[in-house]
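Structure record follows, encoded as structure tokens.
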Amino acid sequence: MERLKQELLACLGEEGLKLHEMMKEHTTFRVGGAADYFIQPKSAEELRAAFEILHRYEMPVLVIGNGSNLLVRDKGIRGAVIQIYNRMAEITIEGNTIHTKGGALLSAVAARAADKGLTGLEFASGIPGSIGGAVVMNAGAYGGEMKDVLASVDVLTQDLEIKTIPAAELNLGYRYSSIPEKGYIVLGATLQLKKGNIAEIRGRMAELAEQRRAKQPLQYPSAGSTFKRPEGYFAGKLVQDAGLKGKTIGGAQVSEKHSGFLINIGGATAQDILDLIAFCQKEVKDKFGVTLETEVKIVGEE
């Protein structure tokens with residue numbers, strides 16, 4: 001695969017390509033084995049060129065943001081990982097409209113909005129994902145979600161065309177968009193906000209940050225809520241009512257602060273976390289007849 005490596009280097013430069021890169025360096029769980037090729041493009045054009053090369057070599061590709069909702073198995077990822085993150089993170093504001101590249105952190109966009117006295121993104125100030133990931137899953141918290149502010153999305157299609165798609169065409173629902181089904185890669189987004197009072201916006205963001213600190217185990221590596229909310233229930237309460245608060249396997253633990261969070265208390269492997277997920281699912285199913293589905297995306301070689 002020396003020829004593939006040389007073609008990717010010519011396209012991306014040494015800054016944009018790493019070989020056998022440990023995925024634990026790129027996920028908020030801080031676990032995961034190596035990816036064969038780890039690509040960080042700095043523009044839509046570079047991304048498209050990298051895709052063309054990888055398709056030609058029939059190389060499997062996984063696209064990620066900042067890895068905040070990702071669990072990578074210990075054997076790592078065969079093929080290429082493309083990370084749209086801090087090399088594609090520009091944010092520009094014109095009036096009440098924000099244009100942001102897909103790699104910008106949602107918290108950074110919310111902070112910039114607050115600086116300009118724009119309201120509507122306060123809910124997002126503590127969500128750890130990138131704009132790309134937030135749009136794909138219609139991220140939300142504290143009564144707000146991306147669909148409330150999203151005007152349009154710039155995407156790379158499966159045919160490697162760059163298109164702008166209105167938000168109304170993305171079927172945005174609870175933690176859902178049609179983006180994955182259509183094979184789109186999010187390059188950027190346009191958000192429409194409203195004028196507000198800077199002090200009030202910052203006050204609301206501080207209030208939400210305090211609620212997060214009080215309720216969530218932010219001092220430990222995790223991927224946020226591990227399980228989706230089952231209809232009619234709360235995942236964390238089911239796990240807690242099953243007597244699993246503080247349950248530990250290896251370096252993985254059901255958080256004692258919030259049972260909906262599985263955390264890495266130090267030295268966890270991906271397998272520790274997977275075993276703990278399976279244990280929680282079995283106990284909740286046995287005790288309450290409810291199937292817990294993972295909200296965290298599990299990838300990599302089994």
Inset, instruction - Enter the Cα centre distance for the pair region 91-131 and region 38-79, rounded to the nearest angstrom. - result: 25 Å
Inset, instruction - Neighbouring Cβ atoms within 10 Å as the yardstick, rank Ile82, Ile198, Ile263, Ile131 fewest first. - result: Ile198, Ile82, Ile263, Ile131
Inset, instruction - Describe numerically, in nm with one decimal, the distance between label points set 7 Å from Cα along Cα→Cβ at Asp241 and at Ala168. - result: 4.1 nm
Inset, instruction - Mind listing the long-range amide H neighbours of Leu62? Cut-off is under 5 Å, sequence gap 5 or more, other chains count too, H placed in the peptide plane at 1.01 Å from N. - result: Ala80, Val81, Ile82
Inset, instruction - Would you mind getting me the FRET efficiency between Ala209 and Asn86? Use the beta-carbon distance for r and R0 = 30 Å, nearest 0.05. - result: 0.85
Inset, instruction - Could you work out the local net charge near Thr157, counting Lys and Arg as +1, Asp and Glu as -1, over the other residues with Cβ closer than 14 Å to its Cβ? - result: -3
Inset, instruction - Starting from the Cα of Phe234, step 7 Å along the direction of its Cβ; do the same at His20; then give the gap between the two resulting points in nm. - result: 4.7 nm
Inset, instruction - For an R0 of 25 angstrom, estimate the FRET efficiency from the Cβ-Cβ distance between Glu181 and Leu160 and round to the nearest 0.05. - result: 0.90
Legend entry - From phi via Karplus (6.51, -1.76, 1.60), per-residue ³J(HN,Hα) for region 228-243 in Hz, x at Gly/Pro: 5, 6, x, 4, x, 9, 10, 4, x, 5, 4, 5, 5, 5, 7, x
Inset, instruction - Name the residue farthest towards the positive end of the dipole of the chain from the options Leu208, Ile131, Asn96, assuming +1 on Cβ of Lys and Arg, -1 on Cβ of Asp and Glu, about the Cα centre. - result: Leu208
Inset, instruction - Give the Rg (one decimal place) followed by the Dmax (whole number) of region 2-83, computed from C-alpha coordinates and expressed in Å. - result: 12.1, 34
Inset, instruction - State whether the chain is rounded, prolate or oblate according to the following rule on the C-alpha gyration tensor (a ≥ b ≥ c being the square roots of its eigenvalues): a/c under 1.5 gives rounded; otherwise a/b larger than b/c gives prolate, and the remaining case gives oblate. - result: oblate
Inset, instruction - Just flag the GluC sites (Glu not before Pro) in region 113-219 sitting in loop per DSSP whose Cβ has no more than 12 other Cβ atoms within 10 Å. - result: Glu161
Inset, instruction - Describe numerically, in nm with one decimal, the distance between label points set 7 Å from Cα along Cα→Cβ at Ala108 and at Glu200. - result: 2.9 nm
Inset, instruction - Quick one: what are the phi-derived ³J(HN,Hα) couplings along region 146-160, Karplus 6.51/-1.76/1.60 with θ = phi - 60°, whole Hz, x for glycine and proline? - result: 4, 5, 5, 10, 7, 9, 7, 10, 8, 10, 9, 7, 4, 8, 6
Inset, instruction - Calculate, in nm to one decimal, what Lys5 and Lys287 gain on full extension: separation in residues at 0.36 nm each, minus their alpha carbon distance. - result: 96.4 nm
Inset, instruction - Give the long-range amide H neighbours of Leu71: residues separated by 5 or more places, or on another chain, with amide H under 5 Å away, using H modelled in the peptide plane at 1.01 Å from N. - result: Lys297, Ile298, Val299
Inset, instruction - Taking amide H positions as placed in the peptide plane 1.01 Å from N, state which residues far from Phe227 in sequence (5 or more) or on other chains have amide H under 5 Å from it. - result: Glu295
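Each value in this text was obtained by applying a stated rule to the coordinates, not by laboratory testing. What you see is a predicted model, and the numbers here were worked out from it, not measured in a lab. Here Cβ is always computed from backbone atoms with ideal geometry, including for glycine, and neighbour counts include all displayed protein chains.
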